[in-house]
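The values are calculated or read from the model by the stated rules, or taken from the named source; none is laboratory data. None of the values given here were measured: they were computed from a predicted structure. A quick note on method: Cβ atoms are made from the backbone with ideal geometry, for glycine too, and the neighbour counts reach across all protein chains shown.
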Amino acid sequence: MRVFGRVRAAGAAVSESERELFGGPLRYDMGWAEHERARLELSMLSAVRAMPRLVGGTLRRAWRADRPALVAVAVSEIGQGVAAAVGLLAVNAVMHALLGGGTPTDRLYAALPALVAVGVVGVVNAGLACWSTSRAGRLEPLVERLATTEYLAAAAAVEMEAIEDPEFRRLIDVAQYGAASARAMIGVSVAAVNGTISLVAAGGVLTVLHPALLPMLLLIAAPRGWGAMRVAQERYVSVMVWVEHVRAGRLLGSLLTSRSAAQEVRVHGVGDFLLDRYRDMAESAEREQKRLATDKALTELVAAGLSGLAMVATYAFMGWLIVAGHMELAVAGTAVIAVRSGSANLGALVMNVNQLHEEALYVHDHDRFLAEAARHTIPEGGADVPARVDEIRAEDVTYRYPDRAEPALDGVSLTIPMGSVTAVVGENGSGKSTLIKVLAGLLLPGSGSVRWAGVDVARLDRAQLFDRVALLTQDFERWPMTAGMNIRIGRPGRAASKEQDLAGAVRFAGGGALVERLPHGLRTLLARMFRGASEISGGEWQKIGLARTHFRTEGCGADGLLIVDEPTSALDPEAEIAVFDRIRRLAGPRRAIVLVTHRMSGVRHADTIHVLHRGRLVEHGTHDELMAADGRYASMFRTQAAQYAQGAQRPCGPAAEVSATGVPAGPPPVPGPPAGQDPAPEDPAIRHPSPAGPAPRPSVPQVRAPRGNGAGTPGPLGSAGAEVGPAEHGPRPDQAGPATGAGGPEQRPPRTGTPGSPAG
């Protein structure tokens, strides 16, 4: 191994199991990994140069949080430095008295005042340290709360377009660690300032005792500081290499205990297979730990040897000064104490600045996010949304996502009269979800306009506009709160202190039986990860979502828009029919409904049906008009009807798979579209729902199998999901990732070494 030169990150020895399962080592693309090599970028000289900038940024943040507490910390730290200097001078006086002339009793009496001074200084120093710790402890949570509030407020106020941008999503992920780092920097900065003041105090005392002693301090302290940084970096490399094996092992461990994988683990024999690979990866990690432990021990030996050589040289020089008569023995004794104290302070200081450097990178990401979010913040104010909105009109709307070459919407124009039920249909990726975001004001068109009562959405007060919009989507948020709050959160500003206030919404959604089954009614916590909480099925969640929508729409007295995106994805056919009926009842003179769905049976009664294809509006009209036109809508409708007809005519049991001649029979041919008509796009991802119950909500919209309520009656087209937006980078940090089980996302690498523990 190399003892001198820059410490470099070593590549992990990849086990055969890791190559077989993952194709190589696992490297997470998460926010905490953005600066995982930061400690290797710092040298001792650069650490000293960076300290004023790092501490200065922390002081400015603390000044905004609590000025009196910051002043108290500064006074106490300066006081500790002065006390350290006075203590060394008192020790020097004790040495002179003890090593002077006279009887032992006389020398003790002569040293007594200085000994009392040393004791008093020790008590004062301890009191100042306690005061500093108390005030710093008060600053830390305040700074973290302010930074967290800034982060969350900025994230909640940005345009939807920024949320859809993968680069901005990554910045959100990285910046979330800034608040914790800002808090950590308070304590580390205090320790760094303390070490600096103590080091300056020791150097000042040595200069007073003898000018030649200051270079001695640097001679001893420099190797100790280098050793402390080198050992910390070696330990950091050890962690970063070892953790690659650990994260792979954790991933397999979480899969073996996962609820979603439990069936295949048992039925397919995956358990024994993964357990063998886990053992292989664990053995690889153990070998890596042994190798790195040996390297670290050698580095510590070299650091201790250099420090020892510097100490021997210093003591030899001091001995020559004493023999030559240039230094008194008492001064030499004080110098030894001061040199050891100063070198220890320098070692701790190097460690603190090392940690400050890493934490400052995450704080910088936090500040960079705030600046970037300010550029994408939804504007405040604007024209008032008219109380009466006769229609919502989209005129030649084009929209392109930041990371895509092709537009999601291309020249779309349509009108939604108030009081109407408008349906939007099309295959996956046709632009349906983008269109409803544009209509709701969540996305602003790149060209063209969306007008409410003739006023461009870009000119309206967006907060007022959002107040007029209600959303019920397939992947609506399942808040980890009580059942009642999951309904009330549809309009959190509307008073609903009692269960009776929510009874109308529950009754409208047909959720009365569900609420009665819950152990605490609407006060039941719906969050599986918490003790005492209850879990409900996907269909029951759909009723909660419908009740939430009713609660929101009933709380709006002005003309508004209700957007319903795949509302029946988790319901059985009977419940599906009931939900569509309830949704249609929400329409009224002061409310327009936009229904986005693949279930053709749910849109045939809409006032107008718009058909999107590759971002363009290709057809529109009533169900009868579109069927008569014999275009894309008619093809989609007939395809679904044919699927139901096949399901009704196909016999059940093993005989269904074998023809009369004994040859396995394939599925009957699906009637295609008329000559000259494009066939409806086929979705290869169609799968049947698990009989064990609804699967957990995936990050990509789930696809359901066709089902129907009778021959010739159209059911789902194939996918119950909306079009997939821009990909996100990995699991959200607030969710448990696959490599960590229920314990949450893997944490940033542990601290490498304890500040104040120099090498050697």
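Against the list (1) buried (at least 17 other Cβ atoms within 10 Å of the Cβ); (2) more than 22 Å from residue 74 (Cβ to Cβ); (3) modelled with pLDDT under 85; (4) not hydrophobic (A, V, I, L, M, F, W, C), the condition residue 203 fails is (2). Annotation: residue 326 fulfils all but one of (1) over 21 Å from residue 203 (Cβ atoms); (2) out of contact with any Gly (no Cβ under 6 Å at 6 or more places or on another chain); (3) exposed (fewer than 14 other Cβ atoms within 10 Å of the Cβ); the unmet one is (1). Test residue 332 against the stated conditions and say whether it is touching a helix residue (DSSP H, G or I) at 6+ places or on another chain (Cβ under 8 Å), free of Cβ contacts under 8 Å to residues at least 60 places away in the same chain and either at positive phi or outside the structural domain of residue 194 (by TED's automatic domain parsing) (or both). Yes. The residues listed here are 192, 179; of these, the one that is under 19 Å from residue 350 (Cβ atoms) and assigned by TED's automatic domain parsing to the domain that holds residue 93 is 192. Filtering 340, 279, 266 for residues that are surrounded by fewer than 20 Cβ atoms within 10 Å (Cβ to Cβ), at pLDDT below 80 and either out of contact with any Asp or Glu (no Cβ under 8 Å at 6 or more places or on another chain) or among the acidic types (Asp, Glu) (or both) leaves a single hit, 340. For the stretch 516-537, does any single residue satisfy the condition of being in a helix (DSSP H, G or I), at pLDDT below 90 and either surrounded by 15 or more Cβ atoms within 10 Å (Cβ to Cβ) or of a type in the set (Gly, Ala, Ser) (or both)? No: zero hits. Being surrounded by 21 or more Cβ atoms within 10 Å (Cβ to Cβ) and either of a type in the set (Ser, Thr, Tyr) or in a helix (DSSP H, G or I) (or both) is a property that residue 187 lacks. Only one of the numbered conditions (1) in a helix (DSSP H, G or I); (2) loosely packed, with under 15 Cβ neighbours inside 10 Å is violated by residue 485, and that is (2).
Can you say whether residue 106 is assigned by TED's automatic domain parsing to the domain that holds residue 203, surrounded by fewer than 17 Cβ atoms within 10 Å (Cβ to Cβ) and among the acidic types (Asp, Glu), as far as the supplied structure shows? So residue 106 fits the description; yes.
With respect to residue 367, is the statement that it is modelled with pLDDT under 90, of a type outside the set (Gly, Ala, Ser) and under 35 Å from the mean Cα position of the chain (by Cα) true? Spelling it out, residue 367 is indeed modelled with pLDDT under 90, of a type outside the set (Gly, Ala, Ser) and under 35 Å from the mean Cα position of the chain (by Cα).
Residue 385 meets each of the listed conditions (1) of a type outside the set (Asp, Glu); (2) assigned to a loop (DSSP other than H, G, I, E, B); (3) surrounded by 16 or more Cβ atoms within 10 Å (Cβ to Cβ); (4) over 52 Å from the mean Cα position of the chain (by Cα) apart from (4). Against the list (1) of a type outside the set (Lys, Arg); (2) over 27 Å from residue 540 (Cα atoms); (3) not in a loop (DSSP other than H, G, I, E, B), the condition residue 436 fails is (2).
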